[in-house]
Amino acid sequence: MPRGNRAGGAMVDPRRPVLVLNDVTKTYPNGRDALKDVDLVVPEGDFVFLVGASGAGKSTLMKLLIRDELATQGTVTLDGDDLARLPRRKVPHVRRKIGIVFQDFKLLPTKTVRENIAFALEVTGTSRRRIKPAVNRVLALVGLTEQAEQYPKQLSGGEQQRTAIARALVHDPRIVIADEPTGNLDPLISWEILQLLLRINELGVTVLMATHDADIVTALRKRVVALEEGRVIRDEVGGGYHRAG
């Protein structure tokens with residue numbers, strides 16, 4: 001049975017994979033294998049923590065998902081599209097299926113909260129009459145309606161990250177990829193950001209979150225995919241940050 005609605009209203013089918021990595025290896029020109037024989041299936045509506053030490057392969061995996069890099073071998077499929085076989089002209093369309101949230105927010109300092117979010121639609125040629133209601137919708141979702149006309153320097157760190165999450169959501173992505181989204185925030189604000197990502201996931205948006213925050217991962221008991229030296233060493237539903245036992 002499909003469950004829930006994505007933020008834009010489409011029904012969610014948890015049996016349908018949004019992301020599939022099949023036997024993926026990524027070897028850099030210096031001969032180092034950043035990823036080795038990785039298999040991963042992320043169904044629609046899943047919430048996955050991606051964990052591992054620095055250098056384990058998390059960043060490389062995320063670069064493959066947004067097609068900043070291509071796999072040396074194996075296939076990376078996003079919403080049915082084999083990313084390696086995509087014609088260049090189709091890359092922007094597929095990237096719009098992904099919302100990306102960074103550790104350092106990457107907001108434009110000369111634009112207001114509203115303008116930062118709207119910019120994500122403007123660059124794709126979305127009509128102005130569609131942009132305003134879409135921006136208002138995500139502002140309400142992340143609790144920033146009252147801060148819409150403020151600039152990033154007027155916001156707290158948590159508000160800046162909420163703006164970044166709203167920007168990631170405004171084009172109704174199939175999956176949100178969050179790269180250490182709480183890395184620059186204190187513990188209390190980190191939990192607020194996590195609660196927001198969980199609410200977004202409950203609306204049916206698939207979430208893949210890379211994190212070093214063991215407390216958050218262990219407390220929430222979601223699916224945990226652990227990388228070590230480029231290999232998946234654990235894929236556990238309801239797991240903690242560290243392997244049990």
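Since every read-out is calculated from the coordinates, none of them should be taken as a lab result. Just so it is clear, the structure is predicted and the values come from calculations on it, not from any experiment. Note that we place each Cβ from the backbone using ideal geometry, even for glycine, and neighbour counts take in every protein chain shown.
Note on Asp37 and Glu149: with the Förster distance fixed at 45 Å, the Cβ-Cβ geometry gives a FRET efficiency of about 0.35. Express in % the proportion of alpha carbon pairs of segment 100-142 at distances exceeding 17 Å. Within segment 100-142, distances greater than 17 Å cover 34 percent of Cα pairs. Of the residues Val101, Val142, Val123, the one that moves most in a GNM of the chain with alpha-carbon contacts below 10 Å is Val123. By the beta-carbon count within 10 Å of each Cβ, the least crowded to most crowded order of Thr60, Thr72, fewest first, is Thr72, Thr60. In this simple spin-label model, placing a label point 7 Å from the Cα along the Cα-to-Cβ direction at both Ser54 and Thr218 gives a separation of 2.2 nm. Under 19 Å from a label point 7 Å along Cα→Cβ of Asn30: give me every residue in segment 206-245 with its amide N that close. Counting only backbone N, you get 228-231. Model label sites at Gln195 and Lys63, defined 7 Å from Cα along the beta-carbon direction, differ in position by 3.7 nm.
Listed by chain and number, the aspartates and glutamates whose C-alpha is less than 16 Å from the C-alpha of Lys132, apart from same-chain residues fewer than 8 away, are Glu115, Glu122, Glu146, Glu149, Asp172.
In this simple spin-label approximation, Thr75 and Glu115 carry label points 7 Å from Cα along the Cα→Cβ vector, and these lie 4.5 nm apart. Available extension along the chain between Arg137 and Asp13 is 42.3 nm, counting 0.36 nm per residue and deducting the alpha carbon span. Using a Gaussian network model of the chain with C-alpha springs under 10 Å, which one of Asn22, Asn30, Asn136 is most mobile by mean-square fluctuation? Answer for the Gaussian network model of the chain: Asn30. Look at Asp13, Asp104 and count the other Cβ atoms within 10 Å of each Cβ; fewest to most, that gives Asp104, Asp13.
With neighbour counts taken as other beta-carbon atoms within 10 Å, the residues Ser59, Ser156, Ser54 rank, fewest first, as Ser54, Ser156, Ser59.
If you look at the Cα atoms of the chain, you get an Rg and a Dmax of 17.7, 55 Å.
Once the Cα atoms of helix 128-142 and of the chain are each reduced to a long axis, what angle between those two axes, in degrees from 0 to 90 to the nearest 10, is obtained? Rounded to the nearest ten degrees, it is 70. Centroid-to-centroid, using Cα positions, segment 98-173 and segment 18-49 are 29 Å apart.
The helix-based estimate of mean residue ellipticity at 222 nm for the chain, built from -39,500 (n - 2.57) per DSSP H run of four or more residues and divided by its residue count, is -9000 deg cm²/dmol to the nearest 500.
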